[in-house]
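Worksheet: one structure, shown below.
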Protein chains: 4
Amino acid sequence: MITEIDINSDLGEGYGNYKAGNDEEVMKYVTTANIACGFHAGDPCIMRKTVELAKRNGVVVGAHPGFPDLMGFGRRKMEISEDDAWCYTIYQVGALKAFLEVAGVELHHVKPHGALYWVLTKDEKLSKVICEAIIKIDPDLPVYWPSPLTEAFPRIATEMGLKAVGELNADTGYTPDGVVAPFREKHAIDLEGVRKRIRQFITEGTVTATNGEVIKKEAQSICAHGDTPNAVDVLKAVRDELKSANISIAPFKKPSSQAKPKSTG
Amino acid sequence: MITEIDINSDLGEGYGNYKAGNDEEVMKYVTTANIACGFHAGDPCIMRKTVELAKRNGVVVGAHPGFPDLMGFGRRKMEISEDDAWCYTIYQVGALKAFLEVAGVELHHVKPHGALYWVLTKDEKLSKVICEAIIKIDPDLPVYWPSPLTEAFPRIATEMGLKAVGELNADTGYTPDGVVAPFREKHAIDLEGVRKRIRQFITEGTVTATNGEVIKKEAQSICAHGDTPNAVDVLKAVRDELKSANISIAPFKKPSSQAKPKSTG
Amino acid sequence: MITEIDINSDLGEGYGNYKAGNDEEVMKYVTTANIACGFHAGDPCIMRKTVELAKRNGVVVGAHPGFPDLMGFGRRKMEISEDDAWCYTIYQVGALKAFLEVAGVELHHVKPHGALYWVLTKDEKLSKVICEAIIKIDPDLPVYWPSPLTEAFPRIATEMGLKAVGELNADTGYTPDGVVAPFREKHAIDLEGVRKRIRQFITEGTVTATNGEVIKKEAQSICAHGDTPNAVDVLKAVRDELKSANISIAPFKKPSSQAKPKSTG
Amino acid sequence: MITEIDINSDLGEGYGNYKAGNDEEVMKYVTTANIACGFHAGDPCIMRKTVELAKRNGVVVGAHPGFPDLMGFGRRKMEISEDDAWCYTIYQVGALKAFLEVAGVELHHVKPHGALYWVLTKDEKLSKVICEAIIKIDPDLPVYWPSPLTEAFPRIATEMGLKAVGELNADTGYTPDGVVAPFREKHAIDLEGVRKRIRQFITEGTVTATNGEVIKKEAQSICAHGDTPNAVDVLKAVRDELKSANISIAPFKKPSSQAKPKSTG
């Protein structure tokens, strides 16, 4: 029986003059923010602003690394090497960690973005080197994952000693395999669908896939995308359903968070 | 009387498939490396490789941040804001620091690159915010500076409690104001000129400017650019002159280096 | 007495997944579109889409080249060389021209963007080489210019045989020198202010500067920025005022447009 | 029996301050240059310079478009859409065409670069849209192709009415399927191997694959990469063998080149 759950959103995904979603509002309704690191989205000024916004709202922060493909918003598969994967992880997570350290905030987790996520559902070699990079940075960093924890990345992460945190997407469909259905459209999300998905997950631990099949779903966090036109309403609906079910809303507890003092750079 | 001096070079300035200088060879002759951080040059894979190369050679590493202008190699002035300057410093230095931390190496200093250096010779507002960013990362980080320490950046750095380390360029001219003469050509450097410059600095503490004027020069480090065609010969000539004068060659001592344990993230 | 006027807007200024303004709606109310060329904004897919949208709406298209600075949206001055300026013009205008040619549409004009515009208000050397590049592409291309035609770029363009088309900005202030007041905020524009500005220009040929001074204004086109939150309302207000004054709304006539057949690549 | 053949090389592949190969020398030994267009390599200034260099040497010029991945030098597969493929082709080829037009030189052909080539060996959908884009620009543009003309891109190009020009690589191996062996190392090429490959092709119309198998090879052009350390020597060896066999060296004749006047924009 779930008694507590985390709510996360991908934030800081603008670039320069471009906005992506209403971070100021969304930040009020989440407990955890996945912040873009400048490769698929985000830039240094947006990273600073989003970190400070998270801190003011008491929201914990994870790194949201992606492919170096701003033009494709990190949603196009790229055939990168293992060395690329390791180095892109250190670079992106390291840059975000610096913003967190100067703000006196601890890095909370890592969540792969877009096509990097899609590649890591299957690619064991890249999964392994990315986990190695994460462990080098901090072995207590959980990895967030929206589809089955039996996929390559979360499985290898678990084998290597990292904690894999399952996510339930409040605003996307799932295939019968439990994989996130591609998500490129910026349409308003059906709120009744969101409420139903949350209720079903809470009561039965399942989701209904895009073909109608009911599949088991393991999750310690609920994800709502920040760049849908009604992201705030989606989050309100999620919180409302959780409250009705007497589930408390709190960030996922990082293994180290009670045992160790904060790293403050 | 100088008894010990540091030798530094800008390294890791390739990008993707492109090389810039023979880092493997140059690294053998310096005590300190300024590593590009991905804005004007460098990419995550090159940063990793250069950090590991420095470590193997016992060379200490500083961050070499620049303008976000790969096409111009960071050598074109850009009118960035104070927020830009602060955030670009955190991002670039933070990313490099992450590579250093996972390699178990401490960040040693910060040295502004190219047009960012030129802007900071005069711009007090940008100098101040960049120093603030450096202090936030580590207040013991020295800043390297090739022209008079009375210029905006080193002066403000000193006022704010940072150590400003003067540099003597072995391979560029100086204007009568002591400012580095623009350096875009990839020509072989005259070695006898290098030797003379080093001898004059050692014995008289001066350099001769491009107009023939002799000016006072304060320096605790000698810089040789890594991307000249005969960079290794320049460095050999520098070392040879220092040896003849019985000056020992060692990295500049970071204020914290003996008092504090290494920060290993 | 003005009897006909052009209305232009900067369009196609999104990038990848990012939108900038409601181009579909704005396109219905303008006669001329300035399309970004991939340096400060725009990408190949957005260029294609915007060219096709213009064609469907019978809107003529000019190139809107800027500095290679997506992160700064081309609004930060960069110290580029004369060779850079010439080549960036050929590259950007040439790329857009290719999209126009395959769509069977003629390139109509060139309008420098953002900080490139600001630099060209004064820089005679860069103005000259950019005009040379434009003439090389098509000597009949007018250049659009929002501030006094006595400034460097339009003056040199005129001397070199190009037609300089003055613009009245419907949605920005002017300094007493007639220069466009910096414009970074994405606020809704005061519509009554827009109407007043249009009426004053129509009846008196003047604008009131930000300090209250009344200055003479020469313009054959009215510009409304496409990325203000109420850009469509601004354009409706402009059209309404022009209609009330019996001024017809039509694209500026390119010198060649009647004498020569369309270049259709 | 071959009596005349073209020699091509990929040139203009530097970026900003970075060089890639000795274009000045290589240009003296080729009849055809494939010039990078700013996505995987090349920038506007290098494009201008390389076009002018080609013109001075009487070398005809083709466009060498690639994936938008400078960091990977266009050698990493990217999952781009059909719209992306069409638009990236128009943009890159269009930009290069503009430099050619202002130099009074006609665009000669198109040759896909690196991973784009690899993808097009099989991908029929992308092959089709890229051919459509090329035809829109100029239906007389041949496409250059180093591996079997039965592969997706040259086959579809031929079906759509474009001329596919087979190439023999002087400096890379071939797999038994006739596909170019991956080529990332910057090593000196064995000149005797080059000579043997050319002689075998001339006399027997075959190449020997990396596994020793002899395969048939159809080619109207010989390609030597410009960024190998001994590119000039490779080209000299190629020319020497051709001369010994009394084969004349001349650019491939574009279908339109005698029937139509040059398009000079």
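For the range C:222-229, the criterion of being among the acidic types (Asp, Glu), modelled with pLDDT under 90 and within 24 Å of C:VAL61 (Cβ to Cβ) is met by at least one residue. Applying a threshold of 7 Å to beta carbon distances and a minimum spacing of six or more residues, or different chains, the list of pairs starting in the range B:246-257 at a residue that is over 17 Å from B:VAL61 (Cβ atoms) and ending at one that is assigned to a loop (DSSP other than H, G, I, E, B) and open to solvent by 60 Å² or more (accessible area, probe 1.4 Å) reads B:ILE247/B:THR3; B:SER248/B:THR3. Might you check whether a residue that is within 14 Å of chain C (Cβ to nearest Cβ), of a type outside the set (S, T, N, Q), open to solvent by 10 Å² or more (accessible area, probe 1.4 Å) and farther than 24 Å from C:THR50 by Cβ occurs anywhere in the range D:65-83? Taking every residue of the range D:65-83 in turn, at least one turns out to be within 14 Å of chain C (Cβ to nearest Cβ), of a type outside the set (S, T, N, Q), open to solvent by 10 Å² or more (accessible area, probe 1.4 Å) and farther than 24 Å from C:THR50 by Cβ. Inclusion of D:LEU96 among residues that are open to solvent by less than 10 Å² (accessible area, probe 1.4 Å) and away from chain C (no Cβ under 12 Å) is not warranted. Residues that are open to solvent by 30 Å² or more (accessible area, probe 1.4 Å) and in a helix (DSSP H, G or I) were ranked within the range B:54-64; the one that is farthest from C:ASP69 (Cα to Cα) is B:ARG56. The set of residues from the range C:206-237 being among the small types (Gly, Ala, Ser) and in contact (Cβ under 8 Å) with a residue 40 or more places away in the chain comprises C:ALA219, C:SER221, C:ALA224, C:GLY226, C:ALA231, C:ALA237.
Just one of the listed residues (A:ALA259, A:ALA219) is modelled with pLDDT under 95, on the phi < 0 side of the Ramachandran plot and not hydroxyl-bearing (Ser, Thr, Tyr), and it is A:ALA259. Taking the numbered list (1) more than 14 Å from chain A (Cβ to nearest Cβ); (2) within 18 Å of A:GLN92 (Cβ to Cβ); (3) of a type in the set (Lys, Arg) in turn, B:ARG56 passes all entries but (2). Of a type outside the set (D, E, K, R), touching a residue at least 24 places away in the same chain (Cβ under 8 Å), open to solvent by 10 Å² or more (accessible area, probe 1.4 Å) and not in a strand (DSSP E or B): does that describe A:VAL51? In short, no. Are any of the residues in the range B:62-84 β-branched (Val, Ile, Thr), at pLDDT 95 or above, out of contact with any Ser or Thr (no Cβ under 6 Å at 6 or more places or on another chain) and farther than 23 Å from C:ALA115 by Cα? So far as the range B:62-84 goes, no, none of its residues is β-branched (Val, Ile, Thr), at pLDDT 95 or above, out of contact with any Ser or Thr (no Cβ under 6 Å at 6 or more places or on another chain) and farther than 23 Å from C:ALA115 by Cα. Total residues in the range A:99-109 satisfying the condition of being more than 7 Å from every other protein chain (Cβ to nearest Cβ) and among the hydrophobic types (A, V, I, L, M, F, W, C): the figure is 4. Of everything in the range A:230-256 that is among the polar types (S, T, N, Q) and at pLDDT 95 or above, the residue that is surrounded by the most Cβ atoms within 10 Å (Cβ to Cβ) is A:SER244.
Annotation note: of A:THR150, A:THR89, the sole residue that is within 14 Å of chain B (Cβ to nearest Cβ) and under 25 Å from A:ASP6 (Cβ atoms) is A:THR89.
Quick check on D:PHE99: is it touching a residue at least 40 places away in the same chain (Cβ under 8 Å), farther than 28 Å from D:ILE249 by Cα and in contact with a helix residue (DSSP H, G or I) (Cβ under 8 Å, 6 or more places away or on another chain)? Criteria not met by D:PHE99.
Just one of the numbered conditions (1) free of Cβ contacts under 8 Å to residues at least 60 places away in the same chain; (2) within 22 Å of B:ALA98 (Cα to Cα) is not true of A:MET71: (2). Taking the residues in the range D:1-36 that are more than 18 Å from the chain's Cα centre (by Cα) and in a strand (DSSP E or B) as candidates, determine which candidate is surrounded by the most Cβ atoms within 10 Å (Cβ to Cβ). Looking at the filtered set, the residue picked out is D:TYR15.
The values are calculated or read from the model by the stated rules, or taken from the named source; none is laboratory data. Computed from a prediction, not measured in an experiment: that's the story for all the values here. Note that each Cβ is placed from the backbone with ideal geometry, even for glycine, and that neighbours are counted across all protein chains shown. Ligands, DNA and RNA are stripped out before the accessible areas are found, and what is left, the full protein with its side chains, is counted by its heavy atoms. Shrake-Rupley method; radii C 1.70, N 1.55, O 1.52, S 1.80 Å.
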